[in-house]
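Visitor: If you scroll down you'll find the structure; I have some questions about it.
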Amino acid sequence: MKRNAMRWLCLPLAFAALSTGQPAAAAAPVTTKVVDTEVSRLAAGAGGVVGIAAWRLDGKGPRVLLNADAAFPMASTFKVPLAGKIFDMVDKGQLRLDAMLDVPQSMMSPSEVIADRFIHPGVSLSVHNLLELMLTQSDNTATDVLMKAAGGPEAVTAWVRAQGVGAIRVDRDTNRLLRDFFRLGEGPLEAAFETAAKADPSLLAKGALPDAAFDADAKDTASPAAMATLLTRMFAGKALSAENTKAFIAIMERCRTGEARLPGQMPPGTTVAHKTGTIGGTVNDVGMVSLPDGTGIVIAAYVKASAAPVADRERAIAEIARTVRDYFLFAN
């Protein structure tokens, strides 16, 4: 504990010294080298492959990058571009936040809220409530209902391309993604999983283990740099109207998942607007971390192909996020 505490004390002081002890032009490469070295060291604790892209929301200063252009499985972080597409449809008058959408039993996917608690037919929820459940609790049923309303994965990818972002592709809803990952048959998803688990009792444990074929699949992937670019546009109000930008950020700030990831080692009072993703050897968290002066740091953190315990992957993300936050606070 003492060694860890000393590391957190020394890093900000090092960043501050480097940023004030030399002319600005000479200091930038040195401070970047310091943070890059530390991020790489911390990334080793996650196992597998770690990808990081981080920079100030206002675009000032350098960027912290590690495997930033490599493709990583998005897992549930694909719900960020899906939310963008839905909010864009609201901006264009194609959908209303108060519009009620049917949630049929046939679209139920394992999820913390809808499938778990609304077990009888006759469920309808507003677009706004579905967005809330999708982004704050990663509800898979809410996601698939919104995916259908958005026009499918191709429409979401097209919206991403319209934002000038290329290295993000959305290919499946959560129902199909889970079927493909666990190699399940057709029929209701939960029943298909139970049938497969009876034939292979190790199936449940597979949900936290890397899968080489899945990790190599180009479908539903993003590079950290591409996701951070999309988030920058969404948080900065360049992708959506001012009203819906505010609504999007407010929901992201209420995220209930991944408390041990981007927010895990932040100082008390730090606002973190984020979205997590988890499947197999993948643990992700993407979003924006506030600084005391009111500015924000956009961070996309991805881990893939890791057999380390999920807690270790999460700790690496938390340590990297705090390091990046302190770097931008003290060195810039």
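Visitor: Give, as residue ranges, the strands (runs of 3 or more DSSP E) completely inside region 261-332 that count at least 2 residues that are free of Cβ contacts under 8 Å to residues at least 60 places away in the same chain.
Guide: By residue number, 272-279, 282-290.
Visitor: Return only the number of the condition from (1) on the phi < 0 side of the Ramachandran plot; (2) surrounded by fewer than 23 Cβ atoms within 10 Å (Cβ to Cβ); (3) more than 14 Å from the chain's Cα centre (by Cα) that G281 does not satisfy.
Guide: It fails just one condition, (2).
Visitor: Given the conditions (1) closer than 29 Å to D312 by Cβ; (2) at pLDDT 95 or above; (3) among the basic types (K, R); (4) surrounded by 16 or more Cβ atoms within 10 Å (Cβ to Cβ), report the number of the one that R254 does not fulfil.
Guide: R254 satisfies all of (1) closer than 29 Å to D312 by Cβ; (2) at pLDDT 95 or above; (3) among the basic types (K, R); (4) surrounded by 16 or more Cβ atoms within 10 Å (Cβ to Cβ) except (4).
Visitor: Among F235, F248, which is the only one that is surrounded by 22 or more Cβ atoms within 10 Å (Cβ to Cβ), within 18 Å of the chain's Cα centre (by Cα) and over 16 Å from I168 (Cα atoms)?
Guide: F248
Visitor: Still on this model: Just checking, which of T157, T195 is in the same structural domain as P104 (by TED's automatic domain parsing), surrounded by fewer than 21 Cβ atoms within 10 Å (Cβ to Cβ) and farther than 24 Å from D285 by Cα?
Guide: So the residue among T157, T195 that is in the same structural domain as P104 (by TED's automatic domain parsing), surrounded by fewer than 21 Cβ atoms within 10 Å (Cβ to Cβ) and farther than 24 Å from D285 by Cα is T195.
Visitor: If we scan region 95-116, do we find a residue that is closer than 26 Å to F193 by Cα, surrounded by fewer than 19 Cβ atoms within 10 Å (Cβ to Cβ) and either among the hydroxyl-bearing types (S, T, Y) or free of Cβ contacts under 8 Å to residues at least 12 places away in the same chain (or both)?
Guide: yes
Visitor: Follow-up question, since we're still on this one. Failed condition for L230, given (1) free of Cβ contacts under 8 Å to residues at least 24 places away in the same chain; (2) within 19 Å of A83 (Cα to Cα); (3) touching a helix residue (DSSP H, G or I) at 6+ places or on another chain (Cβ under 7 Å); (4) in a helix (DSSP H, G or I), with all others met?
Guide: (1)
Visitor: Looking only at region 233-245, which residues are in a helix (DSSP H, G or I) and either among the small types (G, A, S) or not assigned by TED's automatic domain parsing to the domain that holds A71 (or both)?
Guide: Within region 233-245, A242 is the sole residue that qualifies.
Visitor: Scan region 39-66 for residues that are touching a Phe, Trp or Tyr at 6+ places or on another chain (Cβ under 8 Å), surrounded by fewer than 20 Cβ atoms within 10 Å (Cβ to Cβ) and within 29 Å of E154 (Cα to Cα) and jot them down.
Guide: Once the filter is applied, which keeps residues that are touching a Phe, Trp or Tyr at 6+ places or on another chain (Cβ under 8 Å), surrounded by fewer than 20 Cβ atoms within 10 Å (Cβ to Cβ) and within 29 Å of E154 (Cα to Cα), region 39-66 yields V49, L57.
Visitor: For region 54-73, state whether one or more residues are under 22 Å from M134 (Cβ atoms) and modelled with pLDDT of 95 or more.
Guide: The answer is yes, given that some residue of region 54-73 is under 22 Å from M134 (Cβ atoms) and modelled with pLDDT of 95 or more.
The values are calculated or read from the model by the stated rules, or taken from the named source; none is laboratory data. Note that the coordinates shown come from a computational prediction; the quantities given were computed from them, not determined experimentally. Neighbour counts run over all protein chains shown; Cβ positions are idealised from the backbone, glycine included.
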